[in-house]
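Structure first, then comments.
Coordinate-derived values only; no laboratory data. This one's a predicted model, so the numbers in the text were calculated from it and none came from an experiment. Virtual Cβ from ideal backbone geometry, glycine too; neighbours counted across all protein chains shown.
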């Protein structure tokens, strides 16, 4: 997208622009990135790994972008090692998925995969710095209950960094800012019916969401069963369930720990 500030690698070569993705995120300090071109973000999705955002709220991202919102994704780690991936390959897959979605901004914080920790003050400060730089109206964070330790840690890091971002007299980059809203999406490894507070109608965007997910071939295609049910069958089934729940074709659930306000009943579907 011309004029945006996505700090993503080249999809065709996997090469990394200066100051963008760290090929080995367990080396060196976290990189908070740069402010988005064009002003603050409306929505920032924080994901433990590249592909979490696409799988969980890819349709919601596309719906918000279609409504003219400025949407960014912050991947906390590069997601490696995995059986069929590499840091370079995951970077190229992420760039391809970013192009499919048409994101306003994307960055990788460079934290160590498999070793996210709730009490990591360096990680908390770096994430708070990103919140100050991007100034999102709404944060979409991982749901706090999961079998994946990185997802659990990422959720708590989001809560803690949101609080830190508003503090004065700190050495954090940028000026104090408290993101007004935080909602939680479901990227869970538990076989549960997610406790949704509301469901986003993503019917018009579901096919493109799956296109973005397919960019991560090393994670969702290679080494996966080819017979029914595939990863994509499961995504379609879950999307269809939540669409059925609201009387639409496809939906994505979100959770709020606080009451959700609406401007009027005509906003309900």
Volume of the Cα convex hull of region 82-230, divided per residue and given in Å³ = 144 Å³
GNM, the chain, Cα, under 10 Å: largest mean-square fluctuation among 247, 174, 33?
-> 247
Over the chain, what is the mean sequence separation of C-alpha contacts under 8 Å (at least six apart), divided by residue count, expressed as relative contact order in percent?
-> 21 percent
Quote to one decimal, in nm, the extra length available between residue 232 and residue 217 on full extension: 0.36 nm per residue of separation minus the C-alpha distance between them.
-> 4.2 nm
Once you put a point 7 Å from the Cα of residue 147 and another 7 Å from the Cα of residue 197, both along the Cβ direction, what distance in nm separates them?
-> 2.7 nm
Any chance you could list P(r) for the chain, counting all Cα-Cα pairs in 5 angstrom bins from zero, rounded to whole %?
-> 1, 6, 13, 18, 21, 18, 12, 7, 3, 1, 0, 0
Any chance you could run the full-extension gain for residue 262 through residue 181? It's 0.36 nm times the residue separation minus the Cα-Cα distance, nm to one decimal.
-> 27.8 nm
Point-to-point label distance, residue 84-residue 163, nm (Cα→Cβ direction, 7 Å offset) | 4.1 nm
Run the numbers on region 35-127 and let me know its relative contact order in percent, using alpha-carbon pairs under 8 Å that are six or more apart.
-> 31 percent
Spin-label model distance (nm) - residue 117 vs residue 244, 7 Å beyond Cα toward Cβ = 4.4 nm
Here the gain from full extension of residue 69 to residue 137, 0.36 nm per residue of separation minus their alpha-carbon distance, amounts to 23.4 nm
Just the number, please: Stokes-Einstein D of region 142-248 in µm²/s, Kirkwood Rh from C-alpha pairs, 37 °C, 0.692 mPa s.
-> 196 µm²/s
